[in-house]
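First the structure, in the form of structure tokens, and then the observations on it.
The values are calculated or read from the model by the stated rules, or taken from the named source; none is laboratory data. Please read these numbers as outputs of a predicted model, since none were measured by experiment. For neighbour counting, all protein chains shown are included, and Cβ atoms are generated from backbone atoms with ideal geometry for every residue, glycine included.
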Amino acid sequence: MEKDGTYTGIRKFREKVKEENGNKLIIFDQDRYAIFDAYEVFILCGRNVLMPTGVPEKITKEDILRKYDVQME
């Protein structure tokens, strides 16, 4: 169902889901996993990233870890 209350067909729904999740990466670590936006993985790996539209210009590793409630030892 759309935000305005109208129903959409399954094809349009699948296209929307694919668009929303197209830039996600799943990272596995033994028996755990996490789903990140692609740019977040590159930041965590220490790379410089051109931020997508709508994302704050400066994001640190700590910001990403805090977003996912990761406690650093």
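Number of residues in the stretch 30-67 that are closer than 22 Å to residue 20 by Cβ, out of contact with any strand residue (DSSP E or B) (no Cβ under 7 Å at 6 or more places or on another chain) and either assigned to a helix (DSSP H, G or I) or of a type in the set (Phe, Trp, Tyr) (or both): the value is 8. In the stretch 28-43, the residues that are under 15 Å from residue 55 (Cα atoms) form Cβ pairs under 7 Å with partners that are surrounded by 14 or more Cβ atoms within 10 Å (Cβ to Cβ) and β-branched (Val, Ile, Thr), at six or more places apart or across chains, as follows: 39/49; 40/64; 42/49; 43/49; 43/59; 43/64.
Yes/no matrix, rows are residues, columns are (1) surrounded by 10 or more Cβ atoms within 10 Å (Cβ to Cβ); (2) under 17 Å from the mean Cα position of the chain (by Cα); (3) on the phi < 0 side of the Ramachandran plot; (4) at pLDDT 85 or above:
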position: 14; (1), (2), (3), (4): yes, no, yes, yes
position: 27; (1), (2), (3), (4): yes, yes, yes, yes
position: 33; (1), (2), (3), (4): no, yes, yes, yes
position: 36; (1), (2), (3), (4): yes, yes, yes, yes
position: 41; (1), (2), (3), (4): yes, yes, yes, yes
position: 44; (1), (2), (3), (4): yes, yes, yes, yes
position: 49; (1), (2), (3), (4): yes, yes, yes, no
position: 54; (1), (2), (3), (4): no, yes, no, no
position: 66; (1), (2), (3), (4): yes, yes, yes, yes
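For the structure I just gave you, tell me whether residue 61 is surrounded by fewer than 12 Cβ atoms within 10 Å (Cβ to Cβ) and of a type outside the set (S, T, N, Q). For residue 61, the condition - surrounded by fewer than 12 Cβ atoms within 10 Å (Cβ to Cβ) and of a type outside the set (S, T, N, Q) - is not met.
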